[in-house]
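Report on one structure; see the data block that follows.
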Amino acid sequence: MPAEGIHRPAWAEISRSALAHNVATVRAVVGEALICAVVKANGYGHGALLVAPALLEAGADLLAVAIVDEGIELRSFGITAPILLLAEIPADTLGVALEHDLTVTVGSLGGARAVADVARALGGRYRVHLKIDTGMYRQGVDPADALEAARLLDTPHLTLEGLYTHFPVADGASDDDRSYTQRQMATFGDVVTGLAGAGITPPLVHLANSAGALGHPDSSAGLVRPGLALYGYTPAGWLSDALDARGLSLRPALSLRAHVVAARDVAAGERPSYGRRRPLAVDSRIVTVPFGYADGYPRRLFDAGASVLIGGQRFALAGSVTMDQLLVNVGDADVNVGDDVVLLGRDGDVSVSAEDWASWASTITWEILCGISARVPRVLVD
């Protein structure tokens, strides 16, 4: 396991109240639909063992992860709520998944046969969800094969608890994106109707990720699978506007903080950090912050003009991001060893968000959050 940097003045704070606020916001949008909180990828970088209990306490009904080991970690921590695996897993891992009471996804006819065989060998009865590919083209049974797959799962050892699909462009504001999502919903609806005609009616029918839940209310069905929204971000600006129009909002749950560990006055013309890439325009104080690209601070943020917050002021990086440290140009400000630094979050009236980092790094918010290293300790606050 990667070591946490608990003996180093850099850490992540996860706000319990922000998580609860975001669950309440999703609840206000989706009504009585069950909320399946997605906590894969270490809770989107927030720390799965911190956020999973907090989200359940706030009103989430069940959890979802991507891989078996994520589910086992939650079970080992004492989580007893249902945990859905969001992808079909190899046949040789089905046994351990079922033994840990993980709800498996079936995404192919071969996968349906495999889980039926494993469940029969184990004995007992296990929950499964059948995933239908309506246009993501990643995993899922072809709609034409849905009935055959469902019948393969009709055994004394399996309960077909759920039927679902996934949206690739529910966050898209264009007419083409919105019509594509609507076509997916129609295709999925045909599958639901066809299975019902054969007497197969799984109790949990679900389509919506965060974007679907926030931007396509008619996709909420009986269950939604929010991920990013629970951590305080919308997948697209128009979804934030839609929330604003309803008097609703999301609150980022994660902030990254550190202390200044070194400070020195450097003459104009000197070029701090690796590569000596940018000369100082004037004599400046350069401070060192113990957080680098190995912690999840993208190296390209220097070229993009990224900044950090110290004492409620915004300061630019002074040189290339290094593996373990940042150099920050605080000009003539009185900044010293031990002073607080906010890399992500709010400091007074100014803030830096994961969306800012994503814009600077020409990537997406999900990648920024999931990229925060395991060696950064997470602390649950408020």
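In this entry, L84 passes the filter for residues that are at pLDDT 95 or above and assigned to a strand (DSSP E or B).
Scan the range 43-59 and tell me whether some residue there is among the hydroxyl-bearing types (S, T, Y), touching a residue at least 24 places away in the same chain (Cβ under 8 Å), surrounded by fewer than 23 Cβ atoms within 10 Å (Cβ to Cβ) and within 14 Å of R378 (Cβ to Cβ). No, the range 43-59 contains no residue that is among the hydroxyl-bearing types (S, T, Y), touching a residue at least 24 places away in the same chain (Cβ under 8 Å), surrounded by fewer than 23 Cβ atoms within 10 Å (Cβ to Cβ) and within 14 Å of R378 (Cβ to Cβ). Being of a type outside the set (K, R), assigned to a helix (DSSP H, G or I) and buried (at least 23 other Cβ atoms within 10 Å of the Cβ) is a description that does not apply to L63. Only one entry of A116, A91 meets the criterion of being among the aliphatic types (A, V, I, L, M) and free of Cβ contacts under 8 Å to residues at least 40 places away in the same chain, and that entry is A91. Residues in the range 42-60 that are part of a loop (DSSP other than H, G, I, E, B) and not hydrophobic (A, V, I, L, M, F, W, C): G45, H46, G47, G59. Residues that are modelled with pLDDT under 95 and either part of a helix (DSSP H, G or I) or β-branched (V, I, T) (or both) within the range 194-222 comprise P217, D218, S219, listed in sequence order. Looking at T159, T134, T105, just one residue is among the polar types (S, T, N, Q) and either surrounded by fewer than 21 Cβ atoms within 10 Å (Cβ to Cβ) or over 23 Å from C36 (Cα atoms) (or both), and that residue is T159. Exactly one residue among L317, L343 is aliphatic (A, V, I, L, M), at pLDDT 95 or above and within 24 Å of the chain's Cα centre (by Cα), and that residue is L343. Would you mind stating whether S284 is out of contact with any Lys or Arg (no Cβ under 9 Å at 6 or more places or on another chain), surrounded by 18 or more Cβ atoms within 10 Å (Cβ to Cβ) and free of Cβ contacts under 8 Å to residues at least 60 places away in the same chain? It is true that S284 is out of contact with any Lys or Arg (no Cβ under 9 Å at 6 or more places or on another chain), surrounded by 18 or more Cβ atoms within 10 Å (Cβ to Cβ) and free of Cβ contacts under 8 Å to residues at least 60 places away in the same chain. In summary, V376 fulfils each of the numbered conditions (1) surrounded by 19 or more Cβ atoms within 10 Å (Cβ to Cβ); (2) more than 15 Å from the chain's Cα centre (by Cα); (3) outside any loop (DSSP other than H, G, I, E, B) with the single exception of condition (3).
The values are calculated or read from the model by the stated rules, or taken from the named source; none is laboratory data. Quantities reported herein were computed from a predicted structural model and do not represent experimental measurements. Note: ideal-geometry Cβ built from the backbone for every residue, glycine included; neighbour counts use all protein chains shown.
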